[in-house]
Amino acid sequence: MSEEQKKADDRLKAFTESKALSDRMGRIKHKIMILSGKGGVGKSTVATNVAVSLAMEGEKVGLLDSDFHGPSIPTLLNIEGQKPSSDGESILPVDFAHGIKVMSMGFLLPNRDDAVIWRGPMKMNVLKQLLTEVNWGDLDYLIIDFPPGTGDEPLSVAQLLPDCDGAIIVTTPQDLSTNDVRKCINFCRQVNVPVIGVLENMSGLVCPHCKEIINIFKTGGGEKMAKEMNVPFLGKIPIEPQIVEASDSGKPFVYHYSKTEAARIFTEAIQPILNMGERGTTESTPIVSDEATEGTFKIAIPVVKGHLSAHFGHCDEFIFFNIDLEGRKIVGEEKATPPAHEPGVLPAWLGEKGANMIIAGGMGTRAQDLFRERGIEVLIGAPSEEPGKIVESYLEGTLVGGDNICDH
Ligand code: ADP
């Protein structure tokens, strides 16, 4: 087969896949992302209990666990050994109590540790299969437990599942100071998904004797931060020994311990989801970067001789693309010559220029951290192509970050 023919076939295959995906997704009324800045904060616990709470209200619910590194939903629901079936054309999710349909990366892994050793392209293929080939049928809500963080994996999930209706950001009181929530809010903005609200988990401790909540850390931080960032605050879920017990025994907490304070908070937290109108009527995500131009999103690309520079610090100039996120298109571009490359200088300069994201070939981990601390997303491993084409394929969802080309 000629190279041209192969390219055309690939394009057709991509089109057919995306058509099948949009047909399936069209049967789901609302898709809700559950995000957290890092693992271990209770994201999967929240995803499970939000799904069960909605099902207890009579809604038709699907629960998708797209977390590669810790697909814990099968454990939380005690359905670890189950395997999804197939109708010959698509994968059928596993049926759980309350009519909930469940699909997890964990069902596709022969061994829980396998995912850890997979390399980028292999991960992408399995992820694509998980997201595109599952037939959910008609659903009111699909709750998606995202991979933790705001890096390439959650971004790939968001690109493969466009048009999510809203996101719940899960955090703990200890993580409020780490900028994690800000990064999650910026992530939502980047993928054009409204923030439903911030849910503070493990906030205070329920005394096993008197059931009063003991506040171990200073309280009110999450609420204050949400207010400052102009996003709704959904509530504080205490550290509840019965949540651990429920997770360990695979019993959904909100159902089996419905009389507890934590279950009451879950019920309150899902109200904005239950009251959700059509897409776009929930509160929209605020502009996070003070410097950003209202309504546009700025992607910066380091360029050398008209192509993406393999190392961002050794480029001739940066091109800034202004993006209309709603229309997913480039609405303007400008060029600027950066100051001399010294540690920390470029993240500060790009921050001043209002960049929301940088797409690069390679970059040292320290520089990546500096960008992320400023709320600027980093996508690395992009090819040395013409910058406009890179941004277009990013907007089409076909740009996949690969290995860090040059990491110094
Ligand atoms: P993540 O998905 O963010 O990695 P998990 O939902 O798997 O986190 O939760 C991590 C651990 O913390 C689990 O053992 C879970 O039972 C426990 N946990 C989560 N939320 C609470 C809570 N509010 N009280 C007590 N334990 C909790």
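The values are calculated or read from the model by the stated rules, or taken from the named source; none is laboratory data. Note that the coordinates shown come from a computational prediction; the quantities given were computed from them, not determined experimentally. A quick note on method: Cβ atoms are made from the backbone with ideal geometry, for glycine too, and the neighbour counts reach across all protein chains shown.
From the list 210, 164, 188, exactly one residue is away from the ligand (no atom under 14 Å from the Cβ) and surrounded by fewer than 16 Cβ atoms within 10 Å (Cβ to Cβ). Which is it? I'd like the intermediate steps shown before the answer.
Values: 164 fails: surrounded by fewer than 16 Cβ atoms within 10 Å (Cβ to Cβ); 188 fails: surrounded by fewer than 16 Cβ atoms within 10 Å (Cβ to Cβ).
After ruling out the rest, the residue left standing is 210.
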Contacts under 6 angstrom Cβ, first residue in region 121-135 being polar (S, T, N, Q), partner surrounded by 18 or more Cβ atoms within 10 Å (Cβ to Cβ), 6 or more apart:
132/21
Checking residue 58 against (1) surrounded by fewer than 17 Cβ atoms within 10 Å (Cβ to Cβ); (2) within 13 Å of the ligand (Cβ to nearest atom), which test does it fail?
(2)
Checking residue 104 against (1) more than 15 Å from the chain's Cα centre (by Cα); (2) away from the ligand (no atom under 16 Å from the Cβ), which test does it fail?
(2)
Can you go through 170, 191, 134 and tell me which one is in the same structural domain as residue 73 (by TED's automatic domain parsing) and modelled with pLDDT of 95 or more?
170
When the residues of region 354-408 are filtered to those that are in a loop (DSSP other than H, G, I, E, B), modelled with pLDDT of 80 or more and over 19 Å from residue 322 (Cβ atoms), which remaining residue is nearest to the chain's Cα centre (by Cα)?
380
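Looking only at helices (runs of 4 or more DSSP H) that lie completely in region 215-280, which have at least 2 residues being away from the ligand (no atom under 11 Å from the Cβ)?
Working: elements: 221-228, 241-249, 253-256, 261-269, 271-274.
Result: 221-228, 253-256, 261-269, 271-274.
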Residue in region 20-50 that is farthest from residue 60 (Cα to Cα), counting only those that are more than 8 Å from the ligand (Cβ to nearest atom) and among the charged types (D, E, K, R):
23
